[in-house]
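Take a look at the structure below.
Rule-based calculations on the coordinates, nothing more; no lab input. These numbers were taken from a predicted model, which means no experiment stands behind them. Cβ sites come from the backbone with ideal geometry, for glycine too, and all protein chains shown count toward neighbours.
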């Protein structure tokens, strides 16, 4: 489907979510737009649109202050539609044409850019502690008397 306010482009097919046009309304089955304008509202629809894939995306943001730490953002429902013509649906010897596969997906996302920053610093801190431990153990081993030396 093409949004007329964007010309001939489809804004929500982009991978960049910042370019998406979000709305609060959606439909599960659309038979109204398949009716010819001269026959509306009593006409028979020529095209039926239905959801082929419904994806519920829930994201968790990692904030730095206490008010925004681990907040659940507003979920986004992404629906991909397909359409079938009336002639395809009315074939008598193929009842499977009246059925459609619908895929339901739930996607949980977590912003982890701050997590990698913290992991990096924890790795460097543990590396420094291990180095200090190795130096301390080496110094202690050097101070101990060996078998060929007499203790004083």
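When ranked by the protection proxy of mean other Cβ atoms within 10 Å per residue, highest first, what sequence do the peptides 47-53, 118-124, 21-27 form? Walk me through the intermediate numbers first.
Details: 47-53: 16.4, 118-124: 10.3, 21-27: 8.6.
Highest to lowest by the protection proxy: 47-53, 118-124, 21-27.
For residue 122 and residue 74, what does the FRET efficiency come to when R0 = 30 Å and r is the distance between their Cβ atoms, rounded to the nearest 0.05? List each step's numbers first, then the result.
Working: r = 32 Å, r/R0 = 1.06.
Given R0 = 30 Å and the Cβ-Cβ separation, E is 0.40.
Length gain on complete extension for the stretch residue 52 to residue 40, per 0.36 nm per residue less the alpha carbon to alpha carbon distance?
On the way: separation 12, 0.36 × 12 = 4.32 nm, distance 2.62 nm.
Between residue 52 and residue 40, full extension yields 1.7 nm more.
So how long is each side of region 113-152 along the principal axes, counting just the alpha-carbon atoms, biggest first, in Å?
Ordered largest first, region 113-152 gives principal extents of 58, 13, 6 Å.
Give the residues of region 70-90 whose amide nitrogen is closer than 17 Å to a point set 7 Å from the Cα of residue 29 in the direction of its Cβ.
81-90
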